[in-house]
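Right, one structure below, let's go through it.
The values are calculated or read from the model by the stated rules, or taken from the named source; none is laboratory data. The shown structure was predicted, so the numbers you read here are calculated from the model rather than taken from an experiment. Every residue, glycine as well, gets a Cβ built from its backbone with ideal geometry; the counts of neighbours run over all protein chains shown. SASA here: full protein model, heavy atoms, side chains in, ligands and nucleic acids out. Shrake-Rupley method; radii C 1.70, N 1.55, O 1.52, S 1.80 Å.
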Amino acid sequence: MSDEKRPSPSARRPLPDHPVRVALLDLLAETGTVTSTQAANRLGYSSGLCSFHLRQLAKHGLVEEAPHSGGRRRPWRLRWETSPEGGQQRPTPFDDLARDLEDESYRHWQENRHLAPVEWRHEECFSAVVHLTPQEMTEIADAVRQLLAGYRERDDRPSARPEGTVAVAALTRLFPLPAEHAGNTGSAGATGTP
């Protein structure tokens with residue numbers, strides 16, 4: 001990645017506690033991409049205010065313009081920094097913010113589930129501990145991304161959404177457990193002793 005695409009050191013400072021910016025980041029974490037007009041409709045602010053704060057978040061390296069076909073419509077997305085070697089995501093202070101927003105969205109859902117229509121009061125949650133190689137973990141992540149990709153066109157094309165569609169948070173976290181917790185008998189984390 002070139003230096004000009006990397007956020008400046010000032011972009012790594014903690015976000016100001018600004019309700020519009022936090023709401024925009026939360027909305028982007030939920031929807032993937034959003035224009036200032038879409039954000040205004042969802043959040044109840046003016047389009048101009050959302051546009052201003054999206055540009056400020058971009059200035060701090062937290063969001064970026066998503067690819068689009070030109071015109072006045074400017075979709076934005078969360079900005080994930082990649083490392084120079086291999087294009088893998090490198091943890092940043094924003095990663096913590098994104099996880100906090102995901103957790104806060106889930107807590108909000110739990111507290112307000114009773115307000116949702118009956119057919120939406122359930123959730124689909126699962127977890128599993130599986131024994132994988134690094135390559136297999138990447139393959140699973142890619143398979144999940146590919147599965148969700150078929151639904152991503154609905155972000156930009158509301159007309160493609162079937163009746164009854166609502167925004168649904170889809171979170172996947174694949175990470176290696178410490179060997180003592182995973183019952184790992186493989187080579188990862190091995191110290192060379194039997």
Regarding segment 40-59, can at least one residue be identified that is open to solvent by 70 Å² or more (accessible area, probe 1.4 Å) and at pLDDT below 85?
no
Find all pairs meeting these conditions: Cβ atoms under 6 angstrom apart; at least six residues apart or on different chains; first residue within segment 106-132 and free of Cβ contacts under 8 Å to residues at least 12 places away in the same chain; second residue assigned to a helix (DSSP H, G or I).
ARG121/ARG113
Identity of the residue in segment 138-185, under 23 Å from ARG121 (Cα atoms), modelled with pLDDT of 85 or more and of a type in the set (D, E, K, R), that ends up least open to solvent (accessible area, probe 1.4 Å):
ARG161
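Going by the conditions given, is ARG73 under 19 Å from the mean Cα position of the chain (by Cα) and at pLDDT 75 or above? Let's see the steps before the verdict.
Numbers: under 19 Å from the mean Cα position of the chain (by Cα): no; at pLDDT 75 or above: yes.
For ARG73, the condition - under 19 Å from the mean Cα position of the chain (by Cα) and at pLDDT 75 or above - is not met.
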Looking only at residues in segment 18-36 that are small (Gly, Ala, Ser) and part of a helix (DSSP H, G or I), which one is surrounded by the most Cβ atoms within 10 Å (Cβ to Cβ)?
SER36
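Select from segment 40-58 the residues that are without any contact (Cβ under 8 Å) to a residue 24 or more places away in the chain and in a helix (DSSP H, G or I) and list them in ascending order.
Applying the first criterion (without any contact (Cβ under 8 Å) to a residue 24 or more places away in the chain) to segment 40-58 yields 40-44, 46-48, 51-52, 55, 58.
Within segment 40-58, ALA40, ASN41, ARG42, LEU43, SER47, GLY48, SER51, PHE52, ARG55, ALA58 qualify.
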